[in-house]
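Each value in this text was obtained by applying a stated rule to the coordinates, not by laboratory testing. What you see is a predicted model; the values in this text were computed from it and never measured. Positions of Cβ are backbone-derived with ideal geometry, glycine not excepted, and every protein chain shown enters the neighbour counts.
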Amino acid sequence: MGNTENCNKREVFIEALFLKYFQELMRQGFYFIGYDRQFLYVVEDAVQEVFETAYSSYNTLSSHPNIGGWLHIALDNRLNTKMKKTRSIQRASSPLQDDSQPVPAAQQDDIELMLQNEAARQQVDHLLAALKPREQELVSLYYLEQKSAADIAKERHTSEKVISTQLYRIRKNLKKIFPNGLILLMLLLCLYL
């Protein structure tokens, strides 16, 4: 009975933290990344991880004198680490460019652009094929139709927290399958718009 009661207190505590600080932490994250939608998934992952850490640290955090400060510092630390990794991967995967002779945009012909877009679509299709149909639908709603987690939650008659967690797990699973693929997915999904 004591274990169940402790679990219930933990759940209520984390739910209260989520309701009070989620939007605030997301705003802090957006500010941290300079409001660049390309890195939105990094903020979402970091915020989710902060709440997971808060959940696992319930016994010490519940008596902390400044829980909000703890959450903000934890988010800053997570974002610093994640953005270093993300930028490092981007630098490693981007081709070296010769800045001495910039190529004017007018020289790229339509066929080359069409082939690039087609190759990108194939890569996105390959990544999406690794998802279950329900996950594909969720990714489509969130990234392609640009619906918010709250809107999707209303459509599916569930909570925003559930949708955010599902999106987090999808991204986490894709990272395991395609270590560099998630960044590619986020960047290339724009092609479908």
Distance between modelled label sites at Asp36 and Gln136, nm, 7 Å Cα→Cβ extension: 3.2
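What FRET efficiency comes out for Glu155 versus Phe13 if R0 is 41 angstrom and r is the Cβ-Cβ distance? Round to the nearest 0.05. Intermediate values should be presented prior to the final figure.
Values: r = 29 Å, r/R0 = 0.71.
That pair, Glu155 with Phe13, gives E of 0.90.
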Across Lys9/Lys161; Lys132/Lys175; Lys82/Lys154; Lys85/Lys175, pairs whose alpha-carbon gap is larger than 24 Å: Lys82/Lys154
